[in-house]
Protein chains: 2
Amino acid sequence: MTVMKDKIVSLADKLIRIKGFNAFSYKDIADPLAVKNAAVHYHFPSKADLGIAVVKEEMDRFQHNVQRWQELPEDEQLAHLFDVFRRHCYAGNVCLMGSLAPDYETLTPPMQDKINDMAEAIVEWVTAVLENGRNNKRFHFKGSAGDRALLVISNLQSSLLLARVMGPETFDRISRQLLEDLRS
Amino acid sequence: MTVMKDKIVSLADKLIRIKGFNAFSYKDIADPLAVKNAAVHYHFPSKADLGIAVVKEEMDRFQHNVQRWQELPEDEQLAHLFDVFRRHCYAGNVCLMGSLAPDYETLTPPMQDKINDMAEAIVEWVTAVLENGRNNKRFHFKGSAGDRALLVISNLQSSLLLARVMGPETFDRISRQLLEDLRS
DNA sequence: TTGCTTACTTACTGGTAAGTAAGTATTTTG
DNA sequence: CAAAATACTTACTTACCAGTAAGTAAGCAA
């Protein structure tokens, strides 16, 4: 990825999180980077191409983090994930999934597929962490690890949404409770 | 509210839940109702006016439901709320808050205020139900009722979002777990 | 040095968005 | 029955959007 291409994807990521996919335009990207909208189209012919690149970058970041954390105890791994979301919260961002899911029906099938992949990857990882953590007695919960993982992800996601409306402390109140539930 | 006005609000509600606020247009409303876009502007001069009316109608519906349920035991009251969301889920809708929160920064201040009011009303009601339910031994949970209410709402909200991406059974898996956690 | 590629710009298109001004038919009211 | 309000339509504006065609400057490659 060239420098410009990377700048475009980063800015698009930010715009999706702040305004939503359908609410930002190529101009919103071109102007701050001091290029013309055609330059953005040169790198990403359609808006869907750009959207897919943003999701791909997010997945790469996630995979990279997961790898860095893999030697840690499961509760710390999960805490790191919470921290990623926490930082987004205090930066005024919502998570990619939280922003793209409401617009899901307006997106092209390739982009929908990419979002599915991302959801699957996160669910898979959280499920494994919870499962292993329960085996190691670091987590305690009823039901299947998969169901519990959905609950955790669901909370991370929408606590960012609620935080936007009700203030960032909302995120802390929800996530504190969620982690405590898993400990006892 | 006249018949046409009501039809417009209902359709706008549906469009917000399916496509998002920034992705639907006055044409999307005018065409199915067989009127011109100017007719929609006659009833709701700006899109923000329409958005506010949609939120207001949702709040009225909520207040009406709450009143109908008020004599029921707290666990049944909560179950009814879950059922409202469940029906939305299987209709392919996300909840209003879940759809509007990602777009929050692009909305006019009066609309943001209205969304705040809605969030507050729901949190207040769920908090009271959980608090009373715990006193009546119908619910068992640690921490404050307010924090637990945020957790419940957060889950209802984003399980609808996740369900859109991962299928409607996702909603059932999350909500079943959430209700079981409150019972024991 | 000629030719090809990269990374753009310039200038435009067709389409759609929200919103408005002026007119009209129908109903309501004094 | 006349005036006024209601509920629109017609016809339009301004603005912006995603996307494209054609051109260009700079670098590298044979």
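The values are calculated or read from the model by the stated rules, or taken from the named source; none is laboratory data. All figures in this text were calculated on a predicted structure; none of them were measured in a lab. Note: ideal-geometry Cβ built from the backbone for every residue, glycine included; neighbour counts use all protein chains shown. Heavy atoms of the whole protein, side chains included, go into the accessibility calculation; ligands, DNA and RNA do not. Shrake-Rupley method; radii C 1.70, N 1.55, O 1.52, S 1.80 Å.
Looking for something in a helix (DSSP H, G or I) and of a type in the set (Val, Ile, Thr) - is there at least one such residue anywhere in the stretch A:114-121?
yes
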- Item | Complete set of residues in the stretch B:157-177 that are at the interface with chain A (Cβ under 7 Å from one of its Cβ atoms), open to solvent by 10 Å² or more (accessible area, probe 1.4 Å) and either charged (D, E, K, R) or touching a residue at least 40 places away in the same chain (Cβ under 8 Å) (or both) | B:Arg164, B:Arg173
- Message: For the stretch A:1-22: of the residues being open to solvent by 80 Å² or more (accessible area, probe 1.4 Å) and over 18 Å from the mean Cα position of the chain (by Cα), which is nearest to DNA strand D (Cβ to nearest atom)?
- Response: A:Val3
- A:Ser25, sole failed condition from (1) touching an Asp or Glu at 6+ places or on another chain (Cβ under 7 Å); (2) open to solvent by 30 Å² or more (accessible area, probe 1.4 Å); (3) not β-branched (Val, Ile, Thr): (1)
- Across the stretch A:127-144, which residue is nearest to the other protein chains (Cβ to nearest Cβ) among those that are more than 18 Å from the chain's Cα centre (by Cα), in a helix (DSSP H, G or I) and crowded, with 19+ Cβ neighbours inside 10 Å? A:Leu130
- Message: Checking the condition surrounded by 18 or more Cβ atoms within 10 Å (Cβ to Cβ) and more than 16 Å from DNA strand C (Cβ to nearest atom), which residue from B:Gln67, B:Gln77 passes?
- Response: B:Gln77
- Task: Among the numbered conditions (1) within 16 Å of DNA strand C (Cβ to nearest atom); (2) farther than 22 Å from A:Gly92 by Cα; (3) within 14 Å of chain A (Cβ to nearest Cβ), tell me where B:Ile122 comes up short.
- Result: (1)
- Of (1) in contact with a Lys or Arg (Cβ under 8 Å, 6 or more places away or on another chain); (2) surrounded by fewer than 17 Cβ atoms within 10 Å (Cβ to Cβ), B:Glu120 satisfies every one except (1)
- Note on the structure: When the stretch A:23-43 is checked residue by residue, the ones that are more than 8 Å from DNA strand D (Cβ to nearest atom) and closer than 26 Å to B:Ile18 by Cβ are A:Ala23
- Criterion: within 16 Å of DNA strand C (Cβ to nearest atom), more than 14 Å from chain A (Cβ to nearest Cβ) and among the hydroxyl-bearing types (Ser, Thr, Tyr) - qualifying residue of B:Tyr26, B:Tyr90: B:Tyr26
- Task: Kindly establish whether B:Ala149 is under 13 Å from the mean Cα position of the chain (by Cα), open to solvent by less than 20 Å² (accessible area, probe 1.4 Å), within 27 Å of A:Cys95 (Cβ to Cβ) and within 12 Å of another protein chain (Cβ to nearest Cβ).
- Result: no
- Query: Within the stretch B:35-57, how many residues are within 9 Å of DNA strand C (Cβ to nearest atom), buried (at least 17 other Cβ atoms within 10 Å of the Cβ) and either within 16 Å of the chain's Cα centre (by Cα) or assigned to a helix (DSSP H, G or I) (or both)?
  - Reply: 4
- State which residue pairs qualify: first residue more than 16 Å from DNA strand C (Cβ to nearest atom) and inside the stretch B:1-16, second residue open to solvent by 70 Å² or more (accessible area, probe 1.4 Å) in any location, beta carbons under 7 Å apart, and separation of 6 or more residues or different chains. none
- Task: Please state which of the following conditions A:Pro32 fails to meet, knowing it meets all the rest: (1) within 14 Å of another protein chain (Cβ to nearest Cβ); (2) surrounded by fewer than 16 Cβ atoms within 10 Å (Cβ to Cβ); (3) more than 12 Å from DNA strand C (Cβ to nearest atom).
- Result: (1)
- Take A:Ser10 and decide whether it is farther than 24 Å from A:Leu160 by Cβ, more than 14 Å from chain B (Cβ to nearest Cβ) and small (Gly, Ala, Ser). no
